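None of the figures in this text is laboratory data; all of them are computed from the coordinates on show. It should be emphasised that the depicted structure is a prediction, and the values quoted were computed from it without experimental measurement. Neighbour counts are summed over all protein chains in view; Cβ atoms, including those assigned to glycine, are modelled from backbone coordinates with ideal geometry.
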Amino acid sequence: MKLKRKGGDKMMRRKNVVGLIALVAIVAAVIFAGCVEEEATIPIPTAQVEKITEESKQKELLATAVSGNVISIPESWDADAEDDGITVYPGLKNESGKSVQFEGIELPVEIKIYTMKYDNDYNEVRDRSVYTGTGIIDSWKDFHPLYGGESINILFEDIKTVESDDDYGWVYATITLPDGRTVEAVDKGARIKPE
């Protein structure tokens, strides 16, 4: 025969309720921790990671630029044979004097064109400003006419020369790098008037 204690069932029920509450609290904590962990580890799409990595790599490459160069070539962009203006090909060089072969990063380029004259000792000197404009390059190929880069075209009619100006002038290209530095180059002796 078993003896029953008074209140024993109540005590058992309390223990069961406390145990149940503890179990619910533990399960809730595990579920909450799982939700937080899932939010913290949302995967970034592979293409986006590759783009970020490639952009960083290109910016590191551009950080090696220490000087610039520019070539200006008269060109025709329509059906007739006459040149319509000049194409400006700005580029970047590293310490070794080699082209910085970047791509996929847009760099603003400010173009300034000046007439030239001769001083008393017959040295060429920069004279009057006849053009200021901006353009964009996004690849080292923009410096090379053979690679067909998207270089900067300037119509002769936008270059404000007068008849007495020499046919040749100085073309300056100032490239702004991602780190905020600017690199300037000049093409002395570029044709700035139509023939």
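Give the whole-number value, in cubic angstrom per residue, of the convex hull volume spanned by the C-alpha atoms of the stretch 65-191.
In the stretch 65-191, the Cα convex hull volume per residue is 124 Å³.
The mean sequence separation of alpha-carbon pairs under 8 Å and at least six residues apart, normalised by the residue count of the stretch 65-191, gives a relative contact order of 31 percent. Placing +1 on each Lys and Arg Cβ and -1 on each Asp and Glu Cβ, with no other charges, gives the stretch 66-195 a dipole about its Cα centre of roughly 600 debye. State the answer as a single residue: which of N123, L177, A79 lies farthest towards the positive end of the charge dipole of the stretch 65-191, with beta carbon charges of +1 for Lys and Arg and -1 for Asp and Glu, about the Cα centre. About the Cα centre, the residue reaching furthest to the positive side is L177. In a solvent-free Debye calculation with one equal scatterer on each Cα, what is log10 I(q)/I(0) for the stretch 52-105 at q = 0.20, 0.21 Å⁻¹, listed in the order of the q values? Cα-only, vacuum Debye calculation for the stretch 52-105: -0.74, -0.77.
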